[in-house]
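> Take this structure, written in structure tokens, and hold onto it; I'll ask about it next.
The values are calculated or read from the model by the stated rules, or taken from the named source; none is laboratory data. Because the structure is predicted, anything quoted here is derived from the model rather than measured. Quick reminder, even Gly has a Cβ in these numbers, built from the backbone with ideal geometry, and neighbours come from all protein chains shown.
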Amino acid sequence: MLETDFLTQNAITKESMFTALMRLMQEKSFSQISITEISQKAGVSRMSYYRNYQSKEDIITTYLDELFDQFISEVERNPHFNQHFGLTLFFLSCKQNELLIKNIIAHDLTALISERLNLYLTFLLKHLYENDGDHAIINPYLTEYLCGGLCKVAMVWVKNGMQESADEMVAIIEKLSHPLDKLVLDK
């Protein structure tokens, strides 16, 4: 029981620090935000910060990891996972996390998303093709290409105010990537 309470309290602490950082990023440059400010705005001690993170960037990457872990859980629950389903989840997640993406863009931290997306995209591509019974090695250049394309498209979508729906974005990506379907696997 105590361990569950601690985990719940720790999750609340992390969420509070993430929310505080997002608010502070709207007010000042990332480099000017101090650990003390984050802790105070979150209503937690500096010790709580240092117990969970080594840097301000860790707050963002931890949150991104949690988002991608939720994404992976959804994929694993769906035995009929395919590209369309994955893209739909991706753009819906972008829509739900618009402020995060805006802050990341505004503070030139886009590499944080790119690094994380690359890791999870590699996993998803393997999952997608292993479900089809194909155990081929995923082409690493294609993974980088897809990651770069998805990141840039998502960022432009956010910058433009997300005028298109998530479904419209999926259709755009599917249309753009159709010629690449044959290049996914390096056999």
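> Going by the structure shown, is S34 in contact with a Lys or Arg (Cβ under 6 Å, 6 or more places away or on another chain), of a type in the set (S, T, Y) and either outside the structural domain of S177 (by TED's automatic domain parsing) or farther than 30 Å from E168 by Cα (or both)?
no
> Would you be able to say whether some residue in region 1-15 is out of contact with any Lys or Arg (no Cβ under 8 Å at 6 or more places or on another chain), closer than 30 Å to V156 by Cα and surrounded by 13 or more Cβ atoms within 10 Å (Cβ to Cβ)?
yes
> In addition: If you go through region 36-82, how many residues are part of a helix (DSSP H, G or I) and more than 29 Å from L92 (Cβ to Cβ)?
Looking only at that region, the number is 10.
> Anything in region 97-118 that is loosely packed, with under 15 Cβ neighbours inside 10 Å and over 20 Å from S31 (Cβ atoms)? List them, or say none.
E98
> List the pairs whose first member sits in region 137-154 and is farther than 12 Å from N118 by Cβ, whose second member is at pLDDT 85 or above, and whose Cβ atoms are under 6 Å apart, counting only residues at least 6 apart or on separate chains?
Note: pairs meeting the criteria are A154/C94.
> Considering only region 68-96, state which residues are within 21 Å of L24 (Cα to Cα) and crowded, with 17+ Cβ neighbours inside 10 Å.
C94
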